[in-house]
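Take a look at the structure set out below.
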Amino acid sequence: MVMAQPLAGEREVAASDGPPPIQIENLQKRFGTQPVLRGVDLHVGPGELMVVIGRSGGGKSVLLRHILGLVRPDAGRIVIAGQDLTRLRGRALDRVRERFGVVFQGGALFDSLTVLQNVLFPIKEKSRLPVAQLLPRAQEALAQVGLADMGHKFPAEISGGMRKRVAIARALVTEPKVVFLDEPTTGLDPILVNSIHHLIVTLHRQFNFTAIMVSHEIPEIFRIADRVAVLNEGRIRQVGTPAEIEGSKDRVVRQFIQGEVETEAR
Amino acid sequence: MTIRHATDAALASIVDPAQQLGRATVDTLSAMGRFGLFLAQALFWLLVPPFKVGQTLQRISFIGARSMSIILLTGGFTGMVLGLQGMLLLRRVGSEAFVGPAVAVSLIRELGPVLAALMVTGRAGSAIAAEIGVMRITEQIDALTVMALHPMRYLVVPTIVAGLIAFPILNWVFDVVGIFGGYLIAVKLFGLSSGTYFGQIQAFLSTTDIWVGFWKSLAFGVVVTWVACYKGFYVGHGAEGVGRATTESVVLASVMIFVLDYLMGSILP
C-alpha cells in the first residue's frame, strides 16, 4: 500500500508560472458531532492529475470545498504554491483563487447568461480590456470543448453533457494553474463520460495544470489519472498509480473498486 | 441502581429543557448577529469600487419598472377607499372639504410607503430570495467566490442600491395615483369641487410630511432587499429550502416594515 506522504521541500515552492504542487496535511473537519474528515494527508505533484475516489458521503466533495477555501477546517493545512490556504483571508485568498479553475458538480453555470457570456464572464470581470478583445478567447475556449456554435444558447437550452463542457471551458478560459473537477461526469451516459474524460486528458496535456478530480467513474478514471487516492471514512486509505490501485490487496480498496456490497464487519 | 436511574431521569428532565432553551437562545442570537453582519458587509462592499452599474440597472428594472403596474393598481384603489370612507365620515360632521388632506396626508406619511413596500415585498422580494437561493443551491454563488469575484458585490450590493432608488420612486407613484383615486371619489362621485380638494391638500400638507414618507420608503427599500438577499444567501437544502426562504423573506420583511414604520413614525416629526 502506498500511503499519502508529504514530499520534503516542495512546501517552499513559491508562486511561479508552472503548475504548483498541492500539499494537504492532517485535514480535519467535523459538522456538529459528525466527523467528516479525520486527518486527510495528500500530496499532489506539479502538473499531476490526481483522481480522488471513495464512497458517496465519504467526504470527497467536502475535501474539495476545503481546498477551494469555501469551508474552514477544524485542523490541518492546505499548502498550494507555498501558501497555507487555511490561514489566508480576503484579498490574499482571492489572489490564490485567481489561479484556480473549478468545474462544479452541476456545472454552476449562470442561468441568466448565455453560454458564451458564461465563458467570457471570468476574463471580462478580471480584465480591463474591452469585451471585443476578450471575445475571441472565450470563443476559442468554447471551440476547444466542441461547442463553438452553441454560444448564443442559455444553459437551460442545452443538454447535461454540453453544460459540463461549457463548465470546463469556463474553468480553463483563465488559463489556471490548478484545476478542480467535482464529479464532472455524474449523470452522463457512458459515451459522454468517455468523451468528457478524453477532453479533460487532452486539455490537461495541452495546458499542463495541476488537477484534482473527484469521481465515481470506476474503472474509467484509471485510464486518465496520473495517480488515484482512495478516501475512506475521512482518511486517505491508499494513494497510487491506477495500476497500483487496481492491483491493491487492501480489502476496503478492493471492495470499493469492485463495487462489492459490504457483508462483513471491518 | 433503580434510585440512581430515577435521579438521573429527574435531573435530565430539568437539564434537557434548560439546554434546549439555551441552545435556542444561542442560535437565535447568532442568527441575528449573522443577519446584522450581512448588512454591514453589504454596506462595506457598497463603498468598494468597481461598482456594478449594469447589474444595478437590471435590479432597478426588476424591482421598480416591473412593479409599476401593481403599484398603480393598489395605489389607485387605496386612494379611492380613503376618499370614500373619508367622504362618508366627514360628511356626517360637515367637514367633507378636508377629505383631500385626509387622503393625501395618510398616503404620504403612512400608507404610501408601507403599502408600496408590502406590494414590492410580495412581488420582487420573494423573487429575489428565490433567485439567490437557487444560485446558492446550484453552486453559482460558490462559482463566483472561487473566481475571486465577491458575491456581495455582484448580487447583494446592486440589489440594495436598486431598493434605495426604486422604493422612493414607487412610493411617490403610489402617493400621486392614490391622491387621484381619492379625487375620483370625492370630486367625481360626491361632487366636491376640484379646487376644494386640491386647495385643502396644499394648505394642510407640509414638506415635513413628504420627507417622512421619503425616509420611510428609503428604509423599507433597504429592509426588503436586505432580508430577501439574506434569506436567499443562507437558504436551506433543495427546493424545499428555497420555498421556505421565499416565504420567510416575505414574512420577515413585512413584519420589519410594520415595526420600522411605528419606530420611524414615533421618532420623525
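The values are calculated or read from the model by the stated rules, or taken from the named source; none is laboratory data. Since this is a predicted model, take the numbers as computed values, not measurements. Neighbour counts are summed over all protein chains in view; Cβ atoms, including those assigned to glycine, are modelled from backbone coordinates with ideal geometry.
Listed values, structure above:
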| quantity | calculated |
| --- | --- |
| Of residues in the stretch A:63-92 being at the interface with chain B (Cβ under 9 Å from one of its Cβ atoms) and among the aliphatic types (A, V, I, L, M), the one surrounded by the most Cβ atoms within 10 Å (Cβ to Cβ) | A:L68 |
| Top-ranked residue of the stretch A:239-256 - restricted to ones that are assigned to a helix (DSSP H, G or I) and exposed (fewer than 14 other Cβ atoms within 10 Å of the Cβ), ranked as modelled with the lowest pLDDT | A:R251 |
| Residue in the stretch B:114-125 that is within 14 Å of chain A (Cβ to nearest Cβ) and either closer than 30 Å to B:F204 by Cβ or in a helix (DSSP H, G or I) (or both) present | no |
| Members of the stretch B:136-149 that are within 8 Å of chain A (Cβ to nearest Cβ) and either modelled with pLDDT under 90 or over 15 Å from A:F180 (Cβ atoms) (or both) | B:T138, B:Q140, B:A148, B:L149 |
| Number of positions in the stretch A:64-92 that are over 18 Å from A:A211 (Cβ atoms) and in a helix (DSSP H, G or I) | 5 |
| Residue within the stretch A:122-134 that is in contact (Cβ under 8 Å) with a residue 60 or more places away in the chain and surrounded by fewer than 17 Cβ atoms within 10 Å (Cβ to Cβ) present | no |
| Options B:F77, B:F44, B:F51, B:F35; residue that is surrounded by fewer than 19 Cβ atoms within 10 Å (Cβ to Cβ), of a type in the set (F, W, Y) and outside any helix (DSSP H, G or I) | B:F51 |
| In the stretch A:93-116, residue modelled with the lowest pLDDT [restricted to those that are in a loop (DSSP other than H, G, I, E, B) and more than 9 Å from chain B (Cβ to nearest Cβ)] | A:R99 |
| Hey, A:V166 aliphatic (A, V, I, L, M), modelled with pLDDT under 90, buried (at least 19 other Cβ atoms within 10 Å of the Cβ) and touching a helix residue (DSSP H, G or I) at 6+ places or on another chain (Cβ under 9 Å) or not | no |
| Filter result for A:E175 (assigned to a loop (DSSP other than H, G, I, E, B), at pLDDT below 90 and exposed (fewer than 15 other Cβ atoms within 10 Å of the Cβ)) | yes |
| In the stretch A:146-161, the residues that are modelled with pLDDT of 90 or more, among the aliphatic types (A, V, I, L, M) and part of a helix (DSSP H, G or I) | A:M150, A:A156 |
| Answer residue from the stretch B:44-56, given it is among the aliphatic types (A, V, I, L, M) and in contact with a helix residue (DSSP H, G or I) (Cβ under 8 Å, 6 or more places away or on another chain) and is nearest to B:Y234 (Cα to Cα) among those | B:L46 |
